[in-house]
Amino acid sequence: MAAHKPVEWVQAVITRFDEQLPIKVGHQNTHTKVSTEHNKECLINISKYKFSLVISGLTTILKNVNNMVSAFFYSPSHNSYIGKLLSQSKDCLRLDETMLVKQLLPEICHFIHTYREGHQHQHAAELRASASAVLFSLSSNNFSAVFSRISTRLQELTVCSEDNVDVHDIELMQYINVDCSKLKRLLQETVMKFRALKKPAQLAVISSLEKAFWNWVECYPDEFTMLYQRPQSDMAEAAEKLFDLVDSFAESTKRKAAVWPLQIILLILCPEITHTISKDTVEESKANKKLFLDSLRKALAGQGGSKQLMESAAIACVKLCKASTYINWEDHSTIFLLVQSIVMDLKALLFNPAKPFWRGTGSQNADVELMMDCFVSCFRINPHNNQHFKVCLASSSPSTFHFVLVNSLHRIINNSHLDWWPKIDAVYCHSGELRFMFSDTLNRVTQGTGTHAPLRMTPSLTFIGKKTTSLKFKEKATDLDTRSYKCLLLALVKLIHADPKLMLHNPVKQAPEMQSSTAELITGLVQLVPLTNSTQLSQEAMEALLVLHQPENIELWNPDAPIETFWDIRYNSLIFHEEARDLKFDHSHQDSAMSQRVVTHFLAF
């Protein structure tokens, strides 16, 4: 059938995929989930040979879903399946099919616009992420089609007299795949039209361009590094012109706070100008750039006369530090001197346990992300200058700091692809303190006790109440505290899974102490496996235990007596086997299989 009637065969698979949407079949059981995954794999394989048919079919399904969006809106299972459908579209995008892209693009944009950041629906972030991933794939091979949509909207808004304008298509630039030449094209387009735009459109451009810059740096780091070895005059020209335009736009304190993060990015794109304005005297055309840097330093140090400017300066300086890590130190760029001039004030502002950085209600996730970016960047700039590291490790610091520390270390482990970025072994000397944090957090979760008002997940990271300058201790933990510490505990377990050596490192301890600390670590993980009220925590604990039982890691349990230590801990772990055997896991089939793998692994020795 496939050989003689390919169209009918492909349509049959697409129809089956469509019929298995939850809105049509309701709750899915294990069999229907497996069948759906099989159909998905079939479509991906078919798309290699019949791309047009597959994308056309998926686009039709997406149109129907858009028409039924109100029905999907109230169903978690339906929303999660839209995400799978969008993911399916992303996986099938292999060839350049311009006409099909033009059909698919409006449907993808609909999901991005409908589930914008700040949307209250519980699956909004998941759906937006899936849709933006499809758009990213679309733009990789069909940049002109996506750029045309952005450019057309910019042109329309230059002649629009309304104050309340639709800027959705402008915001698409933050989701697309841009290399150096494409970023340059975006900058040049913006320079031509920025002045004629209304304020809402200008602010949308400012925010979106900054995100487009990071898409470039993170996807094409070699291009950015090369920019500081061989500066590009046309890139610098466009960046400088746009800097001057947004500088003129920033007439008030509020506007300055909005544009400073982009302005620092635009200066970073001009290595020669950055070098020029580092001198005592500069020519008139560069004076506003030097004045900008001076204002940035003063605001960061609290001398700008405005809390809003201080917060914007912190954001801009973190971005400066982060960008500098993508430049090789051997290039001796002036940007490193600029970083050194602000980094101490920046860390003092972001990592002050007596006065945690807080921009107000609604900014919690962004504040934590900013602290993590700063932490990782400072580590990459100088892994041995670890004052902020010690602050985050201190048991007296808010658990926000602990969360930032653990997740930053996880990011360092999983994202270390540039040759000059230091590796995680630079912090192995703090293994004992991290093990203590794990044990302490585990105790808080299991016993329900806490001190600080910590983190919680609902459904993303948020904080409890408003930060104050003094730390208030609680005599009794609330349910919210326990849920908050579960968030931190999950991050710690993921850290163990990512690099078990970080928790097993014991350079100065005697053999009995090594064995004791390893036993405590493994016992703690074993306690988490039977949890039925936290499937994700249980799953990660299983994964961490399996990694710890790899032969090369067993040798680190106690290098002086690895065999004896292993057998001793194994004996205690048999208790876990007896509990796990009698436990009624209310997990998915995959979770049950994982628990069986853990038990089998313990008994295999």
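For Val406, indicate whether it is closer than 21 Å to Ser324 by Cβ and either buried (at least 18 other Cβ atoms within 10 Å of the Cβ) or of a type in the set (Lys, Arg) (or both).
So Val406 fails the test.
Can you pull out the residues in the stretch 180-202 that are assigned to a helix (DSSP H, G or I), closer than 14 Å to Arg255 by Cβ and open to solvent by 30 Å² or more (accessible area, probe 1.4 Å)?
Lys199, Pro200
Of the residues in the stretch 215-230, how many are touching a helix residue (DSSP H, G or I) at 6+ places or on another chain (Cβ under 8 Å) and part of a loop (DSSP other than H, G, I, E, B)?
Residues flagged as touching a helix residue (DSSP H, G or I) at 6+ places or on another chain (Cβ under 8 Å) and part of a loop (DSSP other than H, G, I, E, B) within the stretch 215-230 amount to 3.
Which residue, of Ser363, Ser341, Ser395, is in contact (Cβ under 8 Å) with a residue 40 or more places away in the chain, among the polar types (S, T, N, Q), more than 21 Å from Lys494 (Cα to Cα) and out of contact with any strand residue (DSSP E or B) (no Cβ under 8 Å at 6 or more places or on another chain)?
Selected residue: Ser341, the only one of Ser363, Ser341, Ser395 that is in contact (Cβ under 8 Å) with a residue 40 or more places away in the chain, among the polar types (S, T, N, Q), more than 21 Å from Lys494 (Cα to Cα) and out of contact with any strand residue (DSSP E or B) (no Cβ under 8 Å at 6 or more places or on another chain).
Of the conditions (1) of a type outside the set (S, T, N, Q); (2) out of contact with any Lys or Arg (no Cβ under 7 Å at 6 or more places or on another chain); (3) in a loop (DSSP other than H, G, I, E, B), Trp358 satisfies every one except a single condition; which number is it?
Exception for Trp358: condition (2).
Looking at (1) among the basic types (Lys, Arg); (2) within 17 Å of Cys317 (Cβ to Cβ); (3) part of a helix (DSSP H, G or I), which is the one condition that is false for Lys390?
Here Lys390 clears every test but (2).
Within the set of pairs 6 or more residues apart or between chains, which connect a residue that is surrounded by 13 or more Cβ atoms within 10 Å (Cβ to Cβ) inside the stretch 375-387 to a residue that is polar (S, T, N, Q) and not in a loop (DSSP other than H, G, I, E, B) with Cβ atoms less than 6 Å apart?
Phe375/Ser408; Val376/Ser408
Restricting attention to the stretch 203-213, does a residue exist that is assigned to a helix (DSSP H, G or I), under 19 Å from Phe243 (Cα atoms) and without any contact (Cβ under 8 Å) to a residue 24 or more places away in the chain?
No, the stretch 203-213 contains no residue that is assigned to a helix (DSSP H, G or I), under 19 Å from Phe243 (Cα atoms) and without any contact (Cβ under 8 Å) to a residue 24 or more places away in the chain.
In the set Ile264, Ile315, Ile268, Ile277, which member is surrounded by 15 or more Cβ atoms within 10 Å (Cβ to Cβ) and farther than 17 Å from Val343 by Cα?
Only one candidate passes the filter, namely Ile277.
May I ask you to list pairs of residues, at least six apart or on different chains, whose Cβ atoms are under 6 Å apart, with the first in the stretch 526-545 being over 11 Å from Val493 (Cα atoms) and the second being among the hydrophobic types (A, V, I, L, M, F, W, C) and in a helix (DSSP H, G or I)?
So the pair list comes out as Val526/Phe576; Val529/Ala541; Val529/Met542; Leu531/Leu537.
Out of Leu525, Leu574, Leu489, I need the residue that is surrounded by fewer than 14 Cβ atoms within 10 Å (Cβ to Cβ), at pLDDT 55 or above and not charged (D, E, K, R). Which one?
Exactly one of Leu525, Leu574, Leu489 is surrounded by fewer than 14 Cβ atoms within 10 Å (Cβ to Cβ), at pLDDT 55 or above and not charged (D, E, K, R), namely Leu574.
Conditions (1) aliphatic (A, V, I, L, M); (2) modelled with pLDDT of 95 or more; (3) out of contact with any strand residue (DSSP E or B) (no Cβ under 7 Å at 6 or more places or on another chain), marked per residue:
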residue: Leu183; (1), (2), (3): yes, yes, yes
residue: Lys199; (1), (2), (3): no, no, yes
residue: Lys241; (1), (2), (3): no, yes, yes
residue: Val246; (1), (2), (3): yes, yes, yes
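Cβ-Cβ below 6 Å, separation at least six or inter-chain, first residue in the stretch 327-338 and among the hydroxyl-bearing types (Ser, Thr, Tyr), second open to solvent by less than 20 Å² (accessible area, probe 1.4 Å) and outside any loop (DSSP other than H, G, I, E, B): which pairs?
Short answer, once both residue conditions are applied: Thr334/Thr274.
Go through Met1, Met99 for me and flag whichever is open to solvent by 80 Å² or more (accessible area, probe 1.4 Å), modelled with pLDDT under 65, part of a helix (DSSP H, G or I) and of a type in the set (A, V, I, L, M).
None of the other options fit; the residue is Met99.
For the stretch 344-403, enumerate the residues that are in contact with a Cys (Cβ under 8 Å, 6 or more places away or on another chain) and hydroxyl-bearing (Ser, Thr, Tyr).
Passing the criteria: only Ser377.
Can you find even one residue in the stretch 231-248 that is in contact with a Phe, Trp or Tyr (Cβ under 9 Å, 6 or more places away or on another chain), part of a helix (DSSP H, G or I) and more than 30 Å from Ser161 (Cβ to Cβ)?
no
In the list Ala366, Ala348, Ala313, which residue meets the criterion of being in contact with a Phe, Trp or Tyr (Cβ under 9 Å, 6 or more places away or on another chain) and part of a helix (DSSP H, G or I)?
Ala313
Does Gln303 qualify as being in a helix (DSSP H, G or I) and out of contact with any Asp or Glu (no Cβ under 8 Å at 6 or more places or on another chain)?
no
Out of the residues in the stretch 318-351 that are open to solvent by 50 Å² or more (accessible area, probe 1.4 Å) and not acidic (Asp, Glu), which is farthest from the chain's Cα centre (by Cα)?
His332
The values are calculated or read from the model by the stated rules, or taken from the named source; none is laboratory data. Bear in mind the structure is a predicted one, so any value in this text is a computation, not a measurement. Virtual Cβ from ideal backbone geometry, glycine too; neighbours counted across all protein chains shown. When the accessible area is computed, the model is the full protein with side chains, heavy atoms only, and any ligands, DNA or RNA have been set aside. Shrake-Rupley method; radii C 1.70, N 1.55, O 1.52, S 1.80 Å.
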